[in-house]
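The values are calculated or read from the model by the stated rules, or taken from the named source; none is laboratory data. None of these values were measured; they are calculated from a predicted model. For neighbour counting, all protein chains shown are included, and Cβ atoms are generated from backbone atoms with ideal geometry for every residue, glycine included. When the accessible area is computed, the model is the full protein with side chains, heavy atoms only, and any ligands, DNA or RNA have been set aside. Shrake-Rupley method; radii C 1.70, N 1.55, O 1.52, S 1.80 Å.
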Amino acid sequence: MMRAVAVALALGLAACGGASTAPRALPVGPHAAVAARALACRVPAARIGRRYVVFAVAGNLHRQRYRSLAAARWEEVLLAAPTPTPSATPAPTPTPTASASPSASPSPTPSASASPLARASGIALEQYYGIYTLAHGHAGCAYLLTTLSGAPFPDTQPPFNAIAVAEPKLVGPAAYVPTSNKGTLTLTVARLTAQGGRGSFTLTLDSGKRYGSGRVDFYGRTRLAP
């Protein structure tokens, strides 16, 4: 269960490969908060009506080299405008009572450096950030989240200590509409340092046919506090 939770938190989505064809809302993942603060993704903004490859795959980082697990999955999605959510009638503002304490202190503001995934796992993480590019198509944002100590995430089987994420660069609300293209993924990144690293991936359809290939370029690293 911890594996599924970690992957879902990393991407901010349900796992790829769902059978539904209805647009699904695109929640904001913990990596997006970091990217919005200072780590701009150096690719053009994603456009409604275009197709993009997305994935959130578990793997292991060892001696500056990352490799995805054998069960890694990817999915092609159509980026669509989200379905508007009907707004609820606002509740009336309650009238303050005399018993309210004027000395009550406000709730503390959460730290901007805290990550939901880091809090969920209870350990410090490092995040590499950069871009991914398909050989025959689009580019998007890439992230690699790994435990700071190098130890596996708790309760994972098979064990893994890193999660690689790829998604389009979003500048506003959007929804993913799954297409029929999805399958398995092999991703390798070599010589990761504080300045980043470079790697490549291969996409294979569930039919066994090769879908395409691409590369990832990480150009920085930051730390996420639990």
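Restricting the search to the stretch 193-211, which residues are closer than 21 Å to G150 by Cα, open to solvent by 20 Å² or more (accessible area, probe 1.4 Å) and either of a type outside the set (D, E, K, R) or in contact with a Cys (Cβ under 8 Å, 6 or more places away or on another chain) (or both)? Spell out how you get there, then give the answer.
Taking the stretch 193-211 first, the residues closer than 21 Å to G150 by Cα are 193-199.
Of the ones still in play, those that are also open to solvent by 20 Å² or more (accessible area, probe 1.4 Å) are 193-195, 198.
Scanning the stretch 193-211 gives T193, A194, Q195.
Rundown of residues vs (1) modelled with pLDDT of 60 or more; (2) assigned to a loop (DSSP other than H, G, I, E, B), yes/no style:
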| site | (1), (2) |
| --- | --- |
| A35 | no, no |
| A56 | yes, no |
| L61 | yes, no |
| Y66 | yes, no |
| T89 | no, yes |
| P96 | no, yes |
| P108 | no, yes |
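Selection of the stretch 155-192 for residues being among the β-branched types (V, I, T) and open to solvent by less than 50 Å² (accessible area, probe 1.4 Å) yields T156, I163, V165, V177, T179, T188, V189. For the stretch 127-145, a residue qualifies if it is closer than 11 Å to R42 by Cβ and hydrophobic (A, V, I, L, M, F, W, C), and the qualifying residues are I131, A139, C141, A142.
Yes or no: the stretch 144-155 includes at least one residue that is part of a strand (DSSP E or B) and aromatic (F, W, Y). Spell out the reasoning first.
Quick first cut of the stretch 144-155, residues part of a strand (DSSP E or B) only: 144-147.
Still in the running and aromatic (F, W, Y): none.
Among the residues of the stretch 144-155, not one is part of a strand (DSSP E or B) and aromatic (F, W, Y), which makes the answer no.
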